[in-house]
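Presented below is the structure to which this report refers.
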Amino acid sequence: MPRRRVAQRTGPALRTHTEQIVTKADGAWYVRQIRGSGAGKDYRCPGCAQVIRPVTAHLVAWPVQKALLSEAAIDERRHWHTACWARKH
Ligand SMILES: [Zn+2]
């Protein structure tokens, strides 16, 4: 059995300087504003189940406390419409 290499989780550039911590009913979240750009892909907003086009300014949120079964909280990040996130409890 080969020894399992420990993955170095330096993570994407998300862990930088622009995120704030926002507390919702289900816990604390890192929130980062995403400026709309032509690049990127479509995301589905968990708030309204509608697609977020890459050109739309929106935000990405991930929990400060990772879920039990996930490897890293950053893997749980979700893209939200700014308004839908504001409506989230
Ligand atoms: Zn939405």
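Neighbour counts of other C-beta atoms within 10 Å: give me LYS41, LYS24 arranged from fewest to most. Walk me through the numbers before you get to the answer.
On the way: LYS41 9, LYS24 13.
Result, fewest neighbours first: LYS41, LYS24.
How much length would be gained if the chain were fully extended between SER37 and HIS89, taking 0.36 nm per residue of separation minus their Cα-Cα distance, in nm to one decimal?
On the way: separation 52, 0.36 × 52 = 18.72 nm, distance 2.79 nm.
Computed gain between SER37 and HIS89 is 15.9 nm.
Modelled label-to-label distance, CYS48 and ASP26, 7 Å Cα→beta-carbon offset: nm?
1.9
Please name which of CYS84, PRO54, GLN65 has its Cα lying farthest along the dipole of the range 47-89 towards the positive end, using unit charges on Cβ (Lys, Arg +1; Asp, Glu -1) and the Cα centre as origin.
Of the options given, the answer is CYS84.
Laboratory data are not the source of any read-out in this text; all were calculated from the coordinates shown. This one's a predicted model, so the numbers in the text were calculated from it and none came from an experiment. Note that we place each Cβ from the backbone using ideal geometry, even for glycine, and neighbour counts take in every protein chain shown.
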